[in-house]
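None of the figures in this text is laboratory data; all of them are computed from the coordinates on show. Just so it is clear, the structure is predicted and the values come from calculations on it, not from any experiment. Using ideal geometry, Cβ is built from the backbone for each residue, glycine included, and neighbour counts are taken over all protein chains shown.
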Amino acid sequence: MENKKELRTWLDDLQLDHPLVIAGPCSAETEEQVLKIAHELKDTDVSYFRAGIWKPRTRPGMFEGVGALGLKWLQRVKAETGMKIATEVANAAHVKLALEHDVDLLWIGARSTVSPFIVQEIADALKGTDKVVLIKNPVNPDLALWLGAVERLATADIKKLGVIHRGFSTYEKTKYRNTPEWQLAIELQSKFPDLPIINDPSHITGKRDMIFDVSQKALDLNFDGLMIETHYDPENAWSDAAQQVTPSVLVQIMKDLKIRKETDEEAEYNNALNTLRANIDVIDNQIIELLGKRMNVVDGIGTLKRQKNVSILQSKRWNEILGAMVLEGQDHGLSEEFILKMFKAIHQESINHQEKIIKK
């Protein structure tokens, strides 16, 4: 992708002394609701007021947005507060209507990014626009698909581009609604350091009480801004109630976040250090998840041994594991001493699990 430096110009032109903030309700529900939230946000760090007009829902029958009517409400927001306005588009018809209503920032959602056909349709409809266009990561952790969407829009001569990191869907249950997979966002940053990247902690967490921590993590990793869903009455929001915060909470979050300003040399060092630490955090979480899965298998073995009245310790099997893991460890630069200590600890935890089952 050529002319990467141009991509950052739109963000630099805002001349902000804080990270970019895009905030507003998950869904525009009523004109009164939209305007009330907007007026509570107008004198804060928020530069773009967001509201979902068309809502892609997982199952039919759920609230799918108020449609084009909501664009007029966004126009009133811009006229009355001076904030720029933003919404999601999922097809060429959405793009046409958004441009007709002078929406300043359009983003492509995660469900749309997975389809090159949809992205190309949107890119063709936006060709040559001077509006800001952001691309959310696809629902699945596929960096090539994400970058492919960026390249399609860049090819359509759209200069004001950026990406939104909203996490990735997973079948397994975790503490997140969508797992961050920070390493993918980090890799994208390393490939295109001048492509603005915005973090969406609302969709990553799915829980308002986790938004601050994820936001801080994103800023520590040199993200350029945040998109945070905001509602004056989150509990009664028509969509994604659990992940929205009130305007006053958003203001407090922005006050509490630590924005690290450094010299270029310090920034380069800390950026590299934070990147490596983020990778360690990701791998550590994967290790814990894998150990949990291993113990689930151990529980199954314990149940079988209980049924057949077999002793817990099987020395031959244990020695086979140790021998194999020592050799495997050597291939990865790990000492025999370390492998023995680690697997002895794992083995002891396995015995503890099986003893609990057999004693039942």
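Kirkwood hydrodynamic radius computed over region 138-206 comes to 12.7 Å, based on all pairs of distinct alpha carbons.
When the listed pairs Lys42/Lys175; Lys207/Lys360; Lys55/Lys217 are checked against a 31 Å cut-off, the alpha-carbon distance exceeds it for Lys42/Lys175; Lys207/Lys360.
Each Cα pair under 8 Å and six or more residues apart adds its separation to the average, and for the chain the resulting relative contact order is 14 percent.
Amide H contacts for Met227 (H built 1.01 Å from N in the peptide plane; partners 5 or more residues away or on another chain; cut-off under 5 Å): Ile22, Asn199, Asp200.
In a fully extended conformation the segment linking Ser311 and Ile259 would gain 13.0 nm over its present Cα-Cα distance, using 0.36 nm per residue. Computed from phi, the 3J(HN,Hα) profile of region 277-293 under the Karplus parametrisation 6.51, -1.76, 1.60 (θ = phi - 60°) reads 5, 5, 5, 5, 4, 4, 5, 4, 4, 5, 4, 4, 4, 5, 5, x, 5 Hz, with x in place of Gly and Pro.
Note on the chain: with a GNM built from Cα contacts shorter than 10 Å, the maximum mean-square fluctuation among Leu219, Leu340, Leu291 falls on Leu340.
Peptides 140-151, 224-235 ranked from most to least packed, by the mean per-residue count of other Cβ atoms within 10 Å: 224-235, 140-151. Shape analysis of region 82-165 yields a ratio of the Cα radius of gyration to the Kirkwood radius, Rg/Rh, of 0.94.
Counting Lys and Arg as +1 and Asp and Glu as -1 over every other residue whose Cβ lies under 15 Å from the Cβ of Gln307, the net charge comes to +4. Rounded to the nearest 10 degrees, the angle from helix 315-331 to the longest Cα principal axis of the chain is 50 degrees.
Ranked by the mean number of other Cβ atoms within 10 Å of their residues, highest first, the peptides 210-216, 305-311, 124-130 come out as 210-216, 124-130, 305-311. Relative to its residue count, region 39-104 spans a Cα convex hull of 94 Å³ per residue.
Phi angles across region 16-27 convert, under the Karplus curve 6.51 cos²θ - 1.76 cosθ + 1.60 with θ = phi - 60°, into 3J(HN,Hα) values of 8, 9, 8, x, 4, 10, 10, 8, x, x, 3, 10 Hz, Gly and Pro given as x. Along each principal axis, taking the top coordinate minus the bottom one, the Cα set of the chain gives 76, 48, 41 Å in descending order.
Only helical runs count toward this figure. For the chain, summing -39,500 (n - 2.57) over DSSP H runs of n ≥ 4 and dividing by all residues gives -17000 deg cm²/dmol at 222 nm.
Can you tell me the mean projection area, over all orientations, of the convex hull of region 268-359's alpha carbons? Units nm², please.
7.3
Under the simplified labelling scheme, the Thr9-Lys159 pair shows an inter-label distance of 0.3 nm, with each label point 7 Å from Cα along Cα→Cβ.
Each residue of region 49-55 was assigned a 3J(HN,Hα) from its phi angle through the Karplus curve 6.51 cos²θ - 1.76 cosθ + 1.60 (θ = phi - 60°); the sequence is 8, 9, 7, x, 9, 10, 10 Hz, with glycine and proline shown as x.
Along its principal axes, region 1-147 has C-alpha extents of 43, 40, 28 angstrom, given from the largest down.
Helix 336-359 and the longest principal axis of the Cα set of the chain meet at an angle near 80°.
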